[in-house]
Each structure stands twice: as structure tokens, then as C-alpha cells.
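Values quoted throughout were computed directly from the atomic coordinates according to the rules given, and no laboratory measurement underlies them. Here the structure is a predicted model, which means the values were calculated and not measured. Here Cβ is always computed from backbone atoms with ideal geometry, including for glycine, and neighbour counts include all displayed protein chains.
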Amino acid sequence: MKKENILIWLSGAVVGLLAVLLVLFGNPLNMGFCIACFERDIAGALGLHRAAVVQYIRPEILGIVLGAFIAGYVGKEFRPEGGSSTITRFFLGILVMVGALVFLGCPLRMMIRLGGGDLNALVALIGFIAGIAVGVYFLKSGFDLGRAREQRTFSAWVLPIVMVGLLLLLILAPVFNPDAGGPIFFSAEGPGAQHAAVALALIAGLLVGYLAQRSRLCLAGGTRDWLLIKDSYLIKGFIAILAVVLIGNILVGVLGITGVNTPAFNLGFEGQPVAHAVHLWNFLGMALVGLGSILLGGCPLRQLVLAGNGNTDSAVAVLGMIIGAAISHNFMLAASPKGVPDFAKYAVIGGLIICLAVGALNREKA
Amino acid sequence: MAVEVDARGLSCPLPVLKTKEAITKNPNEEIIVLVDSQVSKKNVTRVAESNGYSVKVEMLEDEFRLKCKKGD
């Protein structure tokens, strides 16, 4: 097998394996990794939203950015660049987050949920592919957010440095306001209170960031490249994640392993962990994520990795996602296991319309 | 005459898409693709090779010039 192919299979497999292990060591069920959920938890920890059950500085996110940063320097691929429709990307980041929090997961968690037998993720996957197909239509008809240019190295270091700052906040947990709490908020219960040890989560993130930078792993890119040019490189990673999570969950059950949380393969729609079974909105929520990811040039995981590798536009998209999470919770747009609020439905439809406009109105000048 | 594709500064998957377009439109010409990232270099090389081209990489200052010739 070619070295390149080994790398993408390996990346997917490691992500899948760590996803199962992180649950055993404390992350919420079917949420070993979730870029959207974890960025949402970070938004909450910084007090940007007040959903008390989802506030924590997730070291996985910090690790992914820093792992990609290290891989960029080690492989001499680190490249400060940006200036390709930056503000548009910020808002696309917001919309991708809105969609993800209606489904309750990014594309990565969608595959992890599917590997846990959550059939709602299958409905979402069909929506995701539909969204990608629309994005591919725009790509074929000349969609382009414009060329990026070389930036100063300083700019490219900003987000990685912010991630180190977040790590310090997590470890030091300073209290400025003893009455109200803060500046950092940590959930006392709910998914935000369930997490693996900091060091473990950070190492897992570093490993994923490093490998994903080397292999260019992207959950949206796999389907996109297959639809666009019948290229099956990236989709291998997508399949590897699903396969390893599936096998891992089944093995945990067969071998009778128990952990802080015990992952399981439990086929069905109802009663799935941190999920709801409102099919239409699982479908449309992930359709928005799929379309938005294609317009951005990569899924939420890929945005973190690109940001670590010096792409300041992706760094802004990441910030858009964090702000998007705050907006989602503050404006009552985020779904929960109880269901999908009405505001979320308007937001997803509005988001899809905006994405269609972005796709139609950004074409390369002849 | 070689056909030149300028894919500098473009993000995934546009460099690949533009290369593919150039290949379809000019099946018998040599194609030269300018890219400025390792990722694009790898992606364009893969797609050109899978279309039966051999690729020679020239490193210029901060960018790559990929000469794609039909056959090997």
C-alpha cells in the first residue's frame, strides 16, 4: 500500500480508537470527540453562553490546533496565509455551528454516533451528503471564495497562542469574581462535567491534530472529492473512523470492559446518548453543516487543523464556530435530548438560504 | 504549447478542480500548474498521475511549478 494511503487509514483509525478510549476515561457517551460540542463547551466555559450543563475548556480542541501546528513545523508545511473572504468565513463558521448544534454533533461525532448504533446519525449522514452535493454543484459552477495571500507569521501564531492561553486558564482556573463565578465556568453536571483527565485529553488532541495535518483528514472532503472527481483518498479516513468506533464499541461490550462511561453498540433511534430523534431537523441540520463545510473548504476538524498550520482564514472560521455556539445557546437555537426548539428551525432554514446565497454570489471573475 | 493553470492561493479542492478542467479541455497538451502549498502539490500530483500524466516538480521561491506530461 502507498505510504499516503497508510497515513489516511491510520489517521482515521487512531481518531476512532481515541474516541472510544476517551469515553472510557470520562468523556460523554458517543462523544469521545466532537469538534462542535467541544467548541460549544469552550464558549460556555468562557461565559459566552449560559447553558450550565455544557461549559468546559476541552483540551482536545487545544491539542488538535497545537498538534497541527507542530506537524506543520516538523514537516516544513507551516504556511501563514489568509485573506480569502475572511468575514464570509466567520459567518459560515457561525452557520455550521448552528446546524451542528441542531443535530448535536459535528461530522466527526456523526460518524462516532453511527458507530455507537445511533440511527439518527444515519439520517443526518444522508442530510450531510445532500448538503455536500449542493456544495459540489457550486464548486462545479465556479464557486470560489478568492485567493489567499501570504500573511505575517505573527498572525498565524495568534490562534495557537490563544489555545495555550486556554490551557493555562483550564489548569489555573482563576476566580476574579467570587460571587458570580468566573471568568471561567465549569459545568457541575451534564455533558460538560464529563471529561477525561486533562493530560489524556490533551495528548489525544495533539495526536489527532498531528496525524490529521499529515494526512489532510477531512470528514466533508471525502464525500466531496468522491462526488467531484471520483477521488477516494479522503473518504478512507471517514470509513476508518466509523469502522474502528463500531468495532471498539462492540469489543468493549463483548469483553465486558467498563470505564467512567462505558461505550456500547446500541442500535436504534430512541434513547441515544446526547441525541434526539427528530428526523427532519437531524437531516436539515447536517445538510447545513455539509454545505457550509464545502463552502469553507473543510469540515470543523479540518478548520482546526488548517488554523494550526497557519491558515488565518480557518482560524477566523474557528472563532466563528465558537461565537456561533454562544449565539445558538443564547438565542435558543440549540437542540437538546428533549428536542428541537422552534427558533432552531428558522435558524437552520435561514442558514441554508444564506449558504445558497454565498455559493451563488461568489464566483471567480473571468 | 503548454497550458498554464495558476492555482496559487486557492484552497481545497479548487487546485485539483482547475487541473482536472485543464486536462479535460486540453487532453494532448502539457499542463503546468502553479501551486503554493504542499497540500495542493500532493493533491494535484495525485490527480494528474491518476489521469496518466507524469509530474515533474520544480521548486520556485515559495511555490511549486508542476509540469504534467502525458505518458511516463
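Restricting A:Ala307, A:Ala287 to those that are away from every other protein chain (no Cβ under 14 Å) and buried (at least 24 other Cβ atoms within 10 Å of the Cβ) reduces the list to A:Ala287. Kindly establish whether A:Asn249 is assigned to a helix (DSSP H, G or I), away from every other protein chain (no Cβ under 14 Å) and not small (Gly, Ala, Ser). So A:Asn249 passes the test. Name every residue in region B:26-40 that is out of contact with any Asp or Glu (no Cβ under 6 Å at 6 or more places or on another chain) and at the interface with chain A (Cβ under 10 Å from one of its Cβ atoms), in order of residue number. Of everything in region B:26-40, those that are out of contact with any Asp or Glu (no Cβ under 6 Å at 6 or more places or on another chain) and at the interface with chain A (Cβ under 10 Å from one of its Cβ atoms) turn out to be B:Ser37, B:Val39.
So is A:Gly105 surrounded by fewer than 24 Cβ atoms within 10 Å (Cβ to Cβ) and at positive phi or not? Against the criterion (surrounded by fewer than 24 Cβ atoms within 10 Å (Cβ to Cβ) and at positive phi), A:Gly105 does not qualify. Scanning region B:43-72 for residues that are surrounded by fewer than 16 Cβ atoms within 10 Å (Cβ to Cβ) and in a helix (DSSP H, G or I) yields a total of 2. When A:His329, A:His276 are checked against the criterion of being more than 14 Å from chain B (Cβ to nearest Cβ), assigned to a loop (DSSP other than H, G, I, E, B) and surrounded by fewer than 24 Cβ atoms within 10 Å (Cβ to Cβ), a single residue qualifies: A:His276. You will find that of A:Leu95, A:Leu46, the residue that is among the aliphatic types (A, V, I, L, M), more than 14 Å from chain B (Cβ to nearest Cβ) and within 16 Å of A:Ile354 (Cβ to Cβ) is A:Leu95 and no other. Among all residue pairs at least 6 apart or on different chains, which show Cβ distances below 8 Å where the first residue, located in region A:139-155, is more than 8 Å from chain B (Cβ to nearest Cβ) and farther than 17 Å from A:Gly308 by Cα and the second is among the polar types (S, T, N, Q) and part of a helix (DSSP H, G or I)? Note: no pairs meet the criteria. Every listed requirement among (1) part of a helix (DSSP H, G or I); (2) touching a residue at least 24 places away in the same chain (Cβ under 8 Å); (3) buried (at least 21 other Cβ atoms within 10 Å of the Cβ) is met by A:Asp225 save one, (2).
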